[in-house]
1. Going residue by residue through the range 401-417, is there one that turns out to be among the polar types (S, T, N, Q), buried (at least 21 other Cβ atoms within 10 Å of the Cβ) and either free of Cβ contacts under 8 Å to residues at least 40 places away in the same chain or in a loop (DSSP other than H, G, I, E, B) (or both)?
2. Test of understanding: among L77, L3, L55, L39, which residue is in the same structural domain as L268 (by TED's automatic domain parsing) and farther than 30 Å from S204 by Cα?
3. Can you work out which of the residues in the range 49-98 that are free of Cβ contacts under 8 Å to residues at least 40 places away in the same chain and touching a helix residue (DSSP H, G or I) at 6+ places or on another chain (Cβ under 9 Å) is farthest from I32 (Cα to Cα)?
4. Out of curiosity, is I208 surrounded by fewer than 22 Cβ atoms within 10 Å (Cβ to Cβ) and without any contact (Cβ under 8 Å) to a residue 60 or more places away in the chain?
5. Out of curiosity, is G228 part of a helix (DSSP H, G or I), of a type in the set (G, A, S) and without any contact (Cβ under 8 Å) to a residue 24 or more places away in the chain?
6. At pLDDT below 85, in a loop (DSSP other than H, G, I, E, B), surrounded by fewer than 17 Cβ atoms within 10 Å (Cβ to Cβ) and in the same structural domain as G129 (by TED's automatic domain parsing) - does that describe any residue in the range 174-195?
7. Could you identify the single residue in F234, F259 that is touching a residue at least 40 places away in the same chain (Cβ under 8 Å), more than 30 Å from T339 (Cα to Cα) and part of a loop (DSSP other than H, G, I, E, B)?
8. Check L169, L219 and return the single one that is in a helix (DSSP H, G or I) and surrounded by fewer than 18 Cβ atoms within 10 Å (Cβ to Cβ).
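The values are calculated or read from the model by the stated rules, or taken from the named source; none is laboratory data. Given the structure is predicted, the values throughout are model-derived calculations rather than measurements. Heads up, the Cβs are rebuilt from the backbone with ideal geometry, glycines too, and the neighbour counts pull from every protein chain shown.
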Amino acid sequence: MILLGFIIFLIMLFIGVPIWLALALGGAFWGIFLMGQPLVSMPTQFFISMDSWILLAIPFFLLSGNLMTYLGPAHKLLKVINDLVGHFRGGLPAAAVITCAIFGALSGSSIATVVAVGTLIIPQMTALGYSKESSMGVVASAGTLGSMIPPSIFFVLYASMVEENVGDLFIAGILPGILISVILVITAVIVSLKDHASLKEKSSFAEIRKSLFEAIPPLFMPVIILGGIYSGFFTPTESAAVSILYVLIISFLFNRKEFTRANLIKSLRSSMMTTAVIYIILGGAQLFSTALMYSQLPQNITRGLTEIALAPWIIMLLILLLFFILGTFLEPIPILFITMPILFPVVTGLGYNAIHFGVVTCALMMISQITPPVGGTLFALSSHFKVNVGVVVKGSMPYLYALIIAALVLLYVPWFSTFLIN
């Protein structure tokens, strides 16, 4: 029965059935024929999976990120970073990485980050002589930083699945986010040398002072979110709601031109569509994972792996390889829902810290977003700029190798993940 359920799931994937329906059908098959559940209980399980206070943070963070994009504060961030480092050799690609890191801390969404930052910086890069491949590759790759730097939607989902404290995960993601940002900046500067692009004109002190002053309000948002969570003043979900209010206030005060009904509607529509996709996948995954746990499959895999004479670091390397393979044909959220019920008991059984594994998992989710042929940020940029996805793939290859190196460092040096929460 377990094998038949997996076969149904894989067949649904290969014929192009939406991932949530493939998960739901596989789970429903197990529920009826393995667990003996009545068919009428399936819709209840589907909706119970969404009835969680912590998951309410997802639409809130998505909305605050979209408001930052459409109402204008995100533009101020790129302006100040561009003024500070844009005139150096490799400065614009480095500015793209830094801006993506900061914007990721505001939105928690990779797609929102690559579209917002790409719209602003890619035309500047190509105008100065950077190739399309280099320009799009750096943004597509750095945009994934929104998956690691808090508030990360993947951390929220991971915490809800394994019952960990999402606030601890947010704090744990800070140092790894900085590490990956530094690695990507170094990669961006090295890659940019082959383009022989012109240097941007150095901004005057007055321009830098003005752009820095204008960027202060949006730069305060991560401080409010993380400071409020870490101090215990409010929960992650409450901080997400506060972030929306904060963006609305600073946009109304400092970005009156962009504060329009049309931009508000765009923000709401984009947030609702992304939330609907995440939640419907969550419902299908609930049916799938409930039946898996009932079948004792994860527990049996854990028992089998612990009895095999393999070192834990080798098993973890194999798990990384599995994530990489899955990333070539699945989006990150389905990967998370499919693998966690099976892998989490295995990893904790090997003695690994749940927070550390959460950080490593998010690093692997970053990789899956730029792994062809199904990388989400690759297609987001390709469709937004109407260029062949192969152009984006080619430009992102050096950064894919850099992200793999970063993931290995995070796996074998747990200090980066646990230092701030110990």
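1. So the first thing to find is which residues in the range 401-417 are among the polar types (S, T, N, Q), and the list is 417.
Going one step further and asking which of them are buried (at least 21 other Cβ atoms within 10 Å of the Cβ), we end up with 417.
Now restrict to residues that are either free of Cβ contacts under 8 Å to residues at least 40 places away in the same chain or in a loop (DSSP other than H, G, I, E, B) (or both): none.
There is no residue in the range 401-417 that is among the polar types (S, T, N, Q), buried (at least 21 other Cβ atoms within 10 Å of the Cβ) and either free of Cβ contacts under 8 Å to residues at least 40 places away in the same chain or in a loop (DSSP other than H, G, I, E, B) (or both).
2. On the way: L77 fails: farther than 30 Å from S204 by Cα; L3 fails: in the same structural domain as L268 (by TED's automatic domain parsing); L39 fails: in the same structural domain as L268 (by TED's automatic domain parsing).
From the options L77, L3, L55, L39, the qualifying one is L55.
3. Keep residues of the range 49-98 that are free of Cβ contacts under 8 Å to residues at least 40 places away in the same chain, which gives 51, 81, 85, 95.
Now drop any that are not touching a helix residue (DSSP H, G or I) at 6+ places or on another chain (Cβ under 9 Å), which leaves 81, 85, 95.
Values: I81: 56, V85: 60, A95: 54 Å.
In this case the residue turns out to be V85.
4. Details: surrounded by fewer than 22 Cβ atoms within 10 Å (Cβ to Cβ): yes; without any contact (Cβ under 8 Å) to a residue 60 or more places away in the chain: no.
Here the answer is no, as I208 does not meet what is asked.
5. On the way: part of a helix (DSSP H, G or I): yes; of a type in the set (G, A, S): yes; without any contact (Cβ under 8 Å) to a residue 24 or more places away in the chain: yes.
Answer is yes for this residue.
6. No, the range 174-195 contains no residue that is at pLDDT below 85, in a loop (DSSP other than H, G, I, E, B), surrounded by fewer than 17 Cβ atoms within 10 Å (Cβ to Cβ) and in the same structural domain as G129 (by TED's automatic domain parsing).
7. Working: F234 fails: touching a residue at least 40 places away in the same chain (Cβ under 8 Å).
Just one listed residue meets the conditions, F259.
8. Details: L169 fails: surrounded by fewer than 18 Cβ atoms within 10 Å (Cβ to Cβ).
One residue alone meets the criteria, L219.
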